[in-house]
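To start, the structure under review is shown below, and the notes come after it.
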């Protein structure tokens with residue numbers, strides 16, 4: 001194995017040292033749960049009988065403790081393309097479990113909302129906090145004490161982090177995520193983007209826009225751009241929480257079914273041997289691997305929020321300074337839409353996660369000594385699965401089949417990961433350099449200040465933004481309105497940029513891995529509602545955003561300014577139900593969670 005790069009080692013060591021007290025408390029709790037926590041043998045007869053009353057042909061095996069019983073936590077719904085394939089998984093997984101002397105039960109379900117459906121709509125204000133709800137739902141599902149291992153069925157934006165955060169409270173058990181795969185490629189992403197911008201300019205009808213969107217999002221599976229959902233799958237592979245190569249096999253294929261079967265067999269074996277519990281698997285090395293993969297592949301900026309949150313659930317402290325320094329050490333080796341032309345299916349065909357894992361291991365940029373639940377040896381994640389007849393086999397993948405999309409670490413697209421921490425008198429924020437042409441990494445222009453994205457769109461349509469401008473959208477943080485994604489802004493700001501204007505976005509809201517092209521300082525901390533600097537910016541202030549130097553500054557004395565009036569909380573679409581979460585949420589750099597601080601206080 002190649003020696004670990006000294007920069008990666010140093011950052012990992014710093015995270016380990018910083019995390020020692022909280023990590024120790026977490027591991028002590030998990031050891032206690034393993035020794036005296038709820039399990040089938042410790043349930044009273046009445047409790048236990050309730051647990052197997054409707055178990056059908058598995059009833060006798062569960063009752064007499066013949067083999068491990070796996071708890072399935074599912075995010076199935078058939079409105080969302082990515083989660084629709086999970087409908088048949090539990091029945092299949094029960095059959096696969098019986099093949100190895102195990103049983104499986106659906107422990108419970110979690111909600112799965114789609115930012116693609118709620119983009120720019122009131123429901124988006126619930127999106128980030130749905131991660132906490134999913135974590136809580138996962139904990140409720142597993143609280144019955146009936147299970148020896150955890151199979152998590154989830155794939156999209158907040159669902160995977162939420163499942164993992166919840167499952168980590170049962171980290172004394174082994175666990176795997178079981179993905180569903182991406183939908184087949186549809187309308188080319190560049191064409192979809194062209195139609196969106198044409199619609200923003202009034203040059204395409206709504207019917208034409210809907211036709212393009214329906215041709216892009218057309219079947220079962222995740223959306224094929226490299227956004228948060230597909231970044232999730234990449235990270236789970238590099239944390240060892242899948243069986244090798246499971247991320248991007250298409251739904252409804254024999255290969256996908258055999259990968260699910262392999263996951264069930266693997267999880268049952270871990271449960272029998274009481275090996276590689278989730279608490280040990282998700283350690284500082286695994287968290288660093290996730291961050292390295294995110295940077296190397298140009299993944300979603302949403303994970304600058306999710307990685308710290310997942311880490312905290314395991315007692316680990318990672319911040320944006322760590323991610324920024326990792327970015328300086330990790331080369332960009334993938335160009336997947338929106339950072340390139342090809343989609344995730346093209347990425348997978350070019351070598352995919354097996355190639356990424358192999359080249360990053362060869363360059364010493366990954367921890368290859370993980371206690372990965374998905375395989376005995378982490379090197380197995382440098383292989384791609386295929387079917388040989390009915391048998392599942394894995395092949396080494398050491399060459400890229402498309403150098404325009406996927407390159408070796410020694411010959412990257414960029415020498416760094418392209419996710420930059422920018423800071424200054426406007427706070428700390430994330431700038432995804434890898435999505436932006438280098439000549440646009442520095443923007444200095446007058447501010448145009450807004451309190452919501454609809455006001456930006458209106459100003460754009462009225463021609464008030466036809467100039468060099470830094471669009472500031474504030475009161476979009478976790479405490480203000482739940483930190484919605486501002487994806488609605490991408491087409492109009494892209495149009496302004498195409499007109500030749502110097503344009504940038506600065507916001508305490510979110511943008512996703514589906515966003516790019518326009519320079520953006522996002523997730524600003526502290527958020528405006530917490531009297532962050534953005535609350536004191538006014539129209540015309542000169543704002544400077546520089547990806548080269550890491551600057552995020554305004555040329556004004558903000559201390560002499562009153563804070564802008566805070567917009568009233570929005571009502572309707574259930575948003576009022578989440579007021580208690582907004583009131584206690586952490587900032588984005590700490591994970592944007594309403595739950596984790598309370599959890600830590602209890603330890």
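For residue 116, the requirement of being under 19 Å from the mean Cα position of the chain (by Cα) and on the phi < 0 side of the Ramachandran plot is met. With the condition kept exactly as written, say whether any residue in the range 215-229 is under 30 Å from residue 39 (Cα atoms) and surrounded by 18 or more Cβ atoms within 10 Å (Cβ to Cβ). No, the range 215-229 has no match at all. Restricting 458, 357 to residues that are surrounded by fewer than 20 Cβ atoms within 10 Å (Cβ to Cβ) and not in a strand (DSSP E or B) narrows the list to 458.
Looking at 254, 227, 245, 219, just one residue is at positive phi and either over 15 Å from the mean Cα position of the chain (by Cα) or at pLDDT below 95 (or both), and that residue is 245. Screening 206, 201 for residues that are without any contact (Cβ under 8 Å) to a residue 40 or more places away in the chain and over 15 Å from the mean Cα position of the chain (by Cα) leaves exactly one candidate, 206. Against the definition (part of a loop (DSSP other than H, G, I, E, B), in contact with a helix residue (DSSP H, G or I) (Cβ under 6 Å, 6 or more places away or on another chain) and over 23 Å from residue 396 (Cα atoms)), how does residue 212 come out, yes or no? Judged against the criteria, residue 212 is not a match. Check the range 513-530 and report whether any residue there is more than 25 Å from the chain's Cα centre (by Cα), part of a loop (DSSP other than H, G, I, E, B) and under 17 Å from residue 424 (Cα atoms). Scanning the range 513-530, I find no residue that is more than 25 Å from the chain's Cα centre (by Cα), part of a loop (DSSP other than H, G, I, E, B) and under 17 Å from residue 424 (Cα atoms), so the answer is no. Among the residues of the range 237-252, just one is assigned to a helix (DSSP H, G or I) and either more than 17 Å from residue 304 (Cβ to Cβ) or outside the structural domain of residue 303 (by TED's automatic domain parsing) (or both), namely 237. Please list, ordered by first then second residue, the pairs with beta carbon atoms under 7 Å, 6 or more apart or interchain, first in the range 402-414 and without any contact (Cβ under 8 Å) to a residue 60 or more places away in the chain, second in a loop (DSSP other than H, G, I, E, B) and buried (at least 18 other Cβ atoms within 10 Å of the Cβ). Final answer for the pair search is 410/363. Against the criterion of being more than 25 Å from residue 352 (Cα to Cα), over 16 Å from the mean Cα position of the chain (by Cα) and surrounded by 24 or more Cβ atoms within 10 Å (Cβ to Cβ), residue 334 does not qualify. The sole residue among 180, 186 that is in a loop (DSSP other than H, G, I, E, B) and at pLDDT 90 or above is 180.
Of all residues in the range 102-112, those satisfying the criterion of being assigned to a loop (DSSP other than H, G, I, E, B) and either without any contact (Cβ under 8 Å) to a residue 12 or more places away in the chain or buried (at least 23 other Cβ atoms within 10 Å of the Cβ) (or both) are 102, 110, 112.
The values are calculated or read from the model by the stated rules, or taken from the named source; none is laboratory data. Predicted, not measured: the structure shown is a model, and the values here were computed from it. Virtual Cβ from ideal backbone geometry, glycine too; neighbours counted across all protein chains shown.
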